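Working notes, beginning with the structure itself.
The values are calculated or read from the model by the stated rules, or taken from the named source; none is laboratory data. None of these values were measured; they are calculated from a predicted model. Glycine also receives a Cβ, built like all others from the backbone with ideal geometry; neighbour counts cover every protein chain displayed. All accessible areas refer to the heavy atoms of the entire protein, side chains included, with ligands and DNA or RNA removed. Shrake-Rupley method; radii C 1.70, N 1.55, O 1.52, S 1.80 Å.
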Amino acid sequence: MIDVLSNPVLVLNRVFQPVQLTTVKRAFVLLYGGAAHAVDEDGEEYDFDLWRTLPVRHTDDALPIVGGALRVPRVVHLHRYDRTPKAAIRLTRRNLMLRDSHQCQYCGRQPPLRDLNIDHVLPRSRGGIDSWENLVTACRFCNLRKGRRTPEEANMRLARRPFRPKWSMTAQLLLATATKYREWEPFLKAS
């Protein structure tokens, strides 16, 4: 049951735009409290009282309750939330590798993940900072070859200049979880 409560649920704002992923536990709090409706695969909305009467199908996750089981919603629709959150992309190793397509920015190879490093274009020893514009994905060999020099000093060229990505909210939601449900598709495609 604990695993089911932590499954992702897509949250839509008042105008049906994806705004975040939440847990099943939080989705039921929103649903029971009347702040949201559950949305089924046909786009029909249900308040908590109607949702709990729906039968659990073999393709659904179920939450065991006294006297049976409750179907787990995959999408909830908020009634009063209008805003779309600004997409702030965190500077993490995973996001850097995604931006660079898991490819060394010096030689262009795509070695296994364990052989990839994060390289400072302007080395930290020279005042280089941790920023989107100063970090690139590099294979172990190229990172060692470059050392504490700039790419120009090491006679190495970057495949492309590092940049801050501008992923949409949909892209961020999809990158945030490995689990994707078909009930999410109409809302993610539309945004």
Exercise. Within the stretch 168-186, work out how many residues are at pLDDT 70 or above, surrounded by 11 or more Cβ atoms within 10 Å (Cβ to Cβ) and either in a helix (DSSP H, G or I) or not hydroxyl-bearing (S, T, Y) (or both).
Key: 5
Quiz item: Only one of (1) part of a loop (DSSP other than H, G, I, E, B); (2) modelled with pLDDT of 95 or more; (3) within 21 Å of the chain's Cα centre (by Cα) fails for E133. Which number is that?
Solution: (3)
Exercise. Please enumerate the residues belonging to the stretch 14-53 that are surrounded by fewer than 18 Cβ atoms within 10 Å (Cβ to Cβ), among the aliphatic types (A, V, I, L, M) and within 10 Å of L78 (Cα to Cα).
Key: V15, A35
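Going by the structure shown, is A38 farther than 30 Å from L5 by Cβ and either modelled with pLDDT of 95 or more or in a helix (DSSP H, G or I) (or both)? Quick ask: steps written out before the conclusion?
Numbers: farther than 30 Å from L5 by Cβ: no; either modelled with pLDDT of 95 or more or in a helix (DSSP H, G or I) (or both): yes.
Against the criterion (farther than 30 Å from L5 by Cβ and either modelled with pLDDT of 95 or more or in a helix (DSSP H, G or I) (or both)), A38 does not qualify.
In the list L116, L91, L96, which residue meets the criterion of being within 27 Å of L188 (Cα to Cα), surrounded by 16 or more Cβ atoms within 10 Å (Cβ to Cβ) and not aromatic (F, W, Y)? It would help to see each step written out before you state the result.
Working: L116 fails: within 27 Å of L188 (Cα to Cα); L91 fails: surrounded by 16 or more Cβ atoms within 10 Å (Cβ to Cβ).
Matching residue, one of L116, L91, L96: L96.
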Quiz prompt | Sole exception among (1) modelled with pLDDT under 90; (2) open to solvent by less than 50 Å² (accessible area, probe 1.4 Å); (3) of a type in the set (V, I, T) for V75, by number | solution = (1)
